[in-house]
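The values are calculated or read from the model by the stated rules, or taken from the named source; none is laboratory data. Everything numeric here is computed off the predicted structure, so don't read it as measured data. No Cβ is skipped: glycine too gets one built from the backbone with ideal geometry, and neighbour counts run over all protein chains shown.
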Amino acid sequence: MAKQNFCVARVETRTRASVGKFERHIERKNESYENMNVDLSRTPMNVHFKGCGELTYNETLDQMIAEGRVSLKGLKADATVFNEMIMDVNTDYFEQHGGYEYACRFYEAAFHFAENLYGKDNIISAVMHADELNIAMTEKYGRPIYHYHLHIMALPVVDKEVRWTKRCKDPALVGTVKEVIHQVSHSKKWKSEKAVDEDGNPILNRKGKQVYHASYSVLQDKFFEHMSGAGFEGFSRGERGSTAEHLSSLEYKVKQDEKRLSELQDKIAGEQVAYDANHKAFMTFGEIDSSGKKTIMGKYTVSAEDYDKLTTLAKQSYSAVAEAKKLKEENRRLSSRIWSLESEVSRLRTALSELKEKCKPYLDALKAAPKAVKEFIDGILEKFKKQEKDIMYDPIPADKPLPQKKPKTKDYER
C-alpha cells in the first residue's frame, strides 16, 4: 500500500525574547547547524517570499509600532508576540511531482494562504527551505533528497474597537466606536469557533452547551481547502486531533530512526559474517605450507588434490583482499552513521520523555474518565469566553513622573 501524503500547517508561539533563536534558523544566519542535516551549499536555493531586509524581526516589529500599524499595549514582557507557522507535506510528495520547481509553486500558493489568514502587512518573513537533507529518502533513492517546507513568521493581529464612555460630553457618541486598534493578541487570533450545522444553527452537546471547533483544527481544514482549490492534489488533510499531533510526530520520528538503526546494525552483522568467512581463507595458509613435501633438490612436490586446493584458496584469497578492504570501509562508514543516528534518537527520546511527562496528568485523567475530562475542558473554555476581558493598557513607566492630581472640574471629555 502506497504511503499517504498529508499537508500540515502548525503554529508555534514566539516571544520577543525567544524569536531571535528561530530567526537565525529560518534566515540561515548561523555558521553551522549541529544535529541538523543542513546543506549550506544549497542555502541560496531557499526561496524568500517576503523578508525584512537588514532589520531583525524585533526591529521590524518596533518599526511597525512606531508607525502605529500595530499595538502591544497591555501585553506582558513574556507574552506571545510572534506566530511561526510551518507548512509541510511529506518529502516523497514533491519527488513524485517534480521536485524543487514544484515545491516553489506549491509553497507560493501556501504563502498566499498565510497572507489571507494574517494580513499581508502582518507577515514579517516567509522562507521556503530547500537545503535540509532527508536521510531516509536519500537512502531510498540513492541520491540526495531534500525536504521542502515553508516557515512563516507573522504577527497575530486582531482589530480592537475602543468605544466612547459615559464621560463623553456628547451623549450621542456614548457606546459608539472611537477608534480601532490593531492589537497583537495570540489568544484572540486563535479563539475556538462555534460549531454550527448545515443550516447555520449552533450545535449543542448533550447538556445543551455550545460545541466549539479547536482553532488549529479549523486551520488544517482551511489550509487543505486552499491548496486543493489552488489546483494541487495527491495529499490529504493533516490528521485530526491537534493536541496529539506534535507528540505523535516525535514518536514516529523516534520509531523511524530506531528502525533504520536496526537495519544498519543487521547489515553490519551480515557483512561481518561475510568478512569472517572470507578471512578464513587466509588462515588456511598454514595448512597449505604443511601439505607439500620438500625434495632432495630443495623443491616442493604436492599431490593433485593438494594442488587443486592450493590454487582454489589462492584465488579466493586474492578476491578476499579486495572484498575485505571494501567491507572495512563500509563498516567504518556505517559505524559513523550509527553513532550519528544514536545521538539523534537519544535527543528525540529526551524530547519525547519531556512531552510525555508534561502531558501525563492529562493523559491519565483522559484515560480514566474521558467523558468527564471533555466536559471539564468544555466548561473551562465556555467560562473563559464569558469572562474574557479587554486587553488592559501598559502601566506608566517608573522613570516617568506621575501626573499631578487635578482638582475636580466640570470639564468633560469631548
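To keep it simple, each residue is scored yes or no on (1) in contact (Cβ under 8 Å) with a residue 40 or more places away in the chain; (2) more than 18 Å from Ala114 (Cβ to Cβ).
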position	(1), (2)
Tyr146	yes, yes
Val158	no, no
Glu161	no, yes
Trp164	no, yes
Gly175	no, yes
Lys178	no, yes
Ile181	yes, yes
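Taking the conditions exactly as written (among the hydrophobic types (A, V, I, L, M, F, W, C), more than 30 Å from Glu342 (Cα to Cα), touching a Cys at 6+ places or on another chain (Cβ under 8 Å) and assigned by the TED database to the domain that holds Ala17), does Ile124 satisfy them or not? Yes: the conditions hold for Ile124.
Residue-by-condition table, conditions (1) charged (D, E, K, R); (2) over 16 Å from Leu150 (Cβ atoms); (3) modelled with pLDDT of 95 or more:
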position: Thr13; (1), (2), (3): no, yes, no
position: Ser32; (1), (2), (3): no, yes, no
position: Phe49; (1), (2), (3): no, no, yes
position: Tyr93; (1), (2), (3): no, no, no
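In segment 328-357, the residues that are among the hydroxyl-bearing types (Ser, Thr, Tyr) form Cβ pairs under 8 Å with partners that are surrounded by fewer than 12 Cβ atoms within 10 Å (Cβ to Cβ), at six or more places apart or across chains, as follows: Ser343/Asn35.
For segment 52-67, check the following and say yes or no: at least one residue is closer than 25 Å to Asp92 by Cα, among the charged types (D, E, K, R) and either surrounded by fewer than 17 Cβ atoms within 10 Å (Cβ to Cβ) or at pLDDT 95 or above (or both). For segment 52-67, residues closer than 25 Å to Asp92 by Cα, among the charged types (D, E, K, R) and either surrounded by fewer than 17 Cβ atoms within 10 Å (Cβ to Cβ) or at pLDDT 95 or above (or both): absent. Test Leu366 against the criterion of being at pLDDT 65 or above, surrounded by 11 or more Cβ atoms within 10 Å (Cβ to Cβ), out of contact with any Leu (no Cβ under 8 Å at 6 or more places or on another chain) and under 27 Å from Lys160 (Cα atoms), and give yes or no. Spelling it out, it is not the case that Leu366 is at pLDDT 65 or above, surrounded by 11 or more Cβ atoms within 10 Å (Cβ to Cβ), out of contact with any Leu (no Cβ under 8 Å at 6 or more places or on another chain) and under 27 Å from Lys160 (Cα atoms).
Scanning segment 74-107 for residues that are surrounded by 16 or more Cβ atoms within 10 Å (Cβ to Cβ), touching a residue at least 60 places away in the same chain (Cβ under 8 Å) and not in a loop (DSSP other than H, G, I, E, B) turns up Phe82, Asn83, Glu84, Met85, Met87, Asp88, Val89, Asp92, Tyr93, His97, Phe106, Tyr107.
When we screen Thr91, Thr80 for residues that are on the phi < 0 side of the Ramachandran plot and more than 16 Å from the chain's Cα centre (by Cα), the only hit is Thr80. Taken together, the residues in segment 69-103 that are aromatic (Phe, Trp, Tyr) and out of contact with any helix residue (DSSP H, G or I) (no Cβ under 8 Å at 6 or more places or on another chain) amount to 1.
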